[in-house]
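The values are calculated or read from the model by the stated rules, or taken from the named source; none is laboratory data. Here the structure is a predicted model, which is why all the values come from computation and not from measurement. Because the Cβ atoms are built from the backbone with ideal geometry, glycine has one as well, and the counts that use them run over all protein chains shown.
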Amino acid sequence: MLVLGIESATAQVGVAVGGHEGVLASAHSARDRRHAENLTPQIAFVCEQARIEISEISVVAVDVGPGLFTGLRVGIASAMAVAHALGVPMIGVSSLDLGAFAVRHTPRTIAACFDARRGEVFAAQYRSVPGGVQRITEPAVWQPTDFSAELLANGDDVLMVGDGGLRYHDVFDPIVHLDFAGPSTAHPSARALVELAHPRALREDFVSPSEIEPMYLRKPDAEINWQTRDSR
């Protein structure tokens, strides 16, 4: 069973394909705000590198967020279009789950923290479990100072992943029991998406394309700007 993974929740766009042999091919690019231009060529590229035809895909997995509105919209729309064309089911995975999965072997609490723009972050906390990670707090939008205070109050040893931690490094750095995983975990990975989705696909834990729901957590910037203008 081959899984096509499409990830576009942050400034990075990623595509990967894999199955029981693991990830066969992947491609990632980080040219901000060019998700629509990058996705289709990347899908073709990873299929070529994996030496498969797109018609061999059995499941399409997609990052459902939270993330930046435009990126999520483009990625989910592209994934749904591929799934509809192939007549295959889909699997949705949270961007925060993907971030935490990258450091799943740590004994520390994992804080997945992605830049949400407008001085905010998307974040959730995880613990390592056999085979992956378990979410211990729900995804939410935070002010960096508030999320820092939450981590400090918990008192756990923390490993932070995501570009939110890198952007607001000065806010989180004073927490003595917190370390940063580094730039390699700044964005969700399409490889991790395939790795997480494949076991679910074997269990037939998937949905139809029409059932995929993006996790925005807040309204898009344009709508907020219009509401602010109207209130004035």
message: With the structure loaded, tell me whether residue 164 is modelled with pLDDT of 95 or more and either within 29 Å of residue 58 (Cα to Cα) or outside the structural domain of residue 10 (by TED's automatic domain parsing) (or both) or whether it fails that test.
response: yes
message: So residue 63 ticks every box in (1) closer than 13 Å to residue 6 by Cβ; (2) without any contact (Cβ under 8 Å) to a residue 40 or more places away in the chain; (3) among the acidic types (Asp, Glu) but one. Which box is left unticked?
response: (2)
message: Quick check on the range 92-114. Is at least one of its residues of a type in the set (Lys, Arg) and modelled with pLDDT of 95 or more?
response: yes
- request: Only residues that are touching an Asp or Glu at 6+ places or on another chain (Cβ under 9 Å), under 20 Å from residue 163 (Cβ atoms) and surrounded by fewer than 18 Cβ atoms within 10 Å (Cβ to Cβ): list them for the range 3-50, please.
  value: 28, 31
statement: Given the conditions (1) in a loop (DSSP other than H, G, I, E, B); (2) over 18 Å from residue 184 (Cβ atoms); (3) touching a residue at least 60 places away in the same chain (Cβ under 8 Å), every one holds for residue 9 apart from (2)
message: Cβ-Cβ distance below 6 Å, separation of 6 or more or different chains: which pairs start in the range 203-232 with a residue that is at positive phi and end on one that is at pLDDT 95 or above and not in a loop (DSSP other than H, G, I, E, B)?
response: 217/141
- request: Sort out which residues of the range 182-212 are hydroxyl-bearing (Ser, Thr, Tyr) and under 17 Å from residue 100 (Cβ atoms), and write them in order of number.
  value: 184, 185, 189
message: Need a quick list: strands (runs of 3 or more DSSP E) entirely within the range 20-136 having at least 3 residues that are in contact with a helix residue (DSSP H, G or I) (Cβ under 6 Å, 6 or more places away or on another chain), outside the structural domain of residue 212 (by TED's automatic domain parsing) and over 23 Å from residue 202 (Cβ atoms).
response: 109-117, 120-129
Residue that is nearest to residue 192 (Cα to Cα) [pool: residues in the range 132-143 that are touching a residue at least 60 places away in the same chain (Cβ under 8 Å) and of a type outside the set (Val, Ile, Thr)]: 132
query: When residues of the range 18-40 are filtered for being over 16 Å from the mean Cα position of the chain (by Cα) and over 16 Å from residue 76 (Cα atoms), how many remain?
result: 9
- prompt: Any chance the range 154-171 includes a residue that's part of a helix (DSSP H, G or I), under 18 Å from the mean Cα position of the chain (by Cα) and among the acidic types (Asp, Glu)?
  reply: yes
